[in-house]
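Only one structure is covered here, and it is reproduced in the block below.
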Amino acid sequence: MNEDTKQKLNYLKVAGLEEKWDELIAESSKRQLSPPLFLKYLVDTLHAIKVQRAKSSRLRSAKIPDPWVMATFPFAKQPKLNKTKVLTLHDSLDYMTKKQNILLVGPTGVGKSGLGTGFLIQAITAGKRGRFVDFSALVSELYRSTAAHKEDQILRSYAAYDCLLIDELGYVDIEPAQVGLFFRLMAMRHHTKTTIITTNLGFQEWGTFLKNQQLTAALLDRLTEHAHVFNMRNCISIRPKTFDTEEPKKPKG
């Protein structure tokens, strides 16, 4: 690529084309593409670059600690988990298109966070904005925002995510004010967005944890309405990170 072409591409802000230029020219020559076909090839390549960069940006913004994908979840180690139901929901994206919640209930170590992350990454791959947040970090942030009178701003920011994964509900004690803020957030997301929650508590234990039976009943009513609940309480504990964070390579041939 000559300097004049490079400057024009920089001016046009066609991201990704400069580093792909020689490759595109070589591939066009190899295929002996006509001008119309070369233009289509160019547009398709630029589109693919932009889609991938946008996906990478959304994944970074989601702050996912371990980018587990569903394709590598060790279903063989969890025979009591309904694999067909999980994969059908994951692949169909019904939980996103129908704005349904997903609740993953079970003890530590059975893969709740891995499954939740798989659903979250699938949503992000499909072009949705998502976020991973630990429950204790979420309620702490909401509570701190009240001192600065920014709770409405923070609530709106979390309410705006197409898919919000709240991990490990039930592992820390929370104050009544935090419960109220969490309830407000869930009310804002009700029927408008998808929320994924992992918890070690059975629903009958939420009232004790949240210290407000009436609020708990209203919260569960909103969360479980048209939701997908995966009961993993009878699943066995598996070692953390026993599945990969990348899609498996396709066999050759």
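Every read-out reported here was derived from the displayed coordinates using simple, explicitly stated rules and does not represent laboratory data. Note that the structure is predicted; figures quoted are calculated from it, not measured. We place every Cβ from the backbone using ideal geometry, glycine too, and count neighbours over all the protein chains shown.
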- Go through Leu59, Leu87, Leu93, Leu81 for me and flag whichever is surrounded by 13 or more Cβ atoms within 10 Å (Cβ to Cβ) and over 17 Å from the mean Cα position of the chain (by Cα). Leu81
- Task: Pull up the stretch 187-208, narrow it to residues that are without any contact (Cβ under 8 Å) to a residue 40 or more places away in the chain and closer than 24 Å to Thr108 by Cα, then point me to the one that is farthest from the chain's Cα centre (by Cα).
- Result: Thr208
- Message: Checking the condition without any contact (Cβ under 8 Å) to a residue 40 or more places away in the chain, surrounded by fewer than 21 Cβ atoms within 10 Å (Cβ to Cβ) and touching a Lys or Arg at 6+ places or on another chain (Cβ under 6 Å), which residue from Ala159, Ala126 passes?
- Response: Ala159
- Inspect all residues belonging to the stretch 91-102 and state whether any of them is under 24 Å from Glu205 (Cβ atoms), in contact (Cβ under 8 Å) with a residue 40 or more places away in the chain and assigned to a loop (DSSP other than H, G, I, E, B). yes
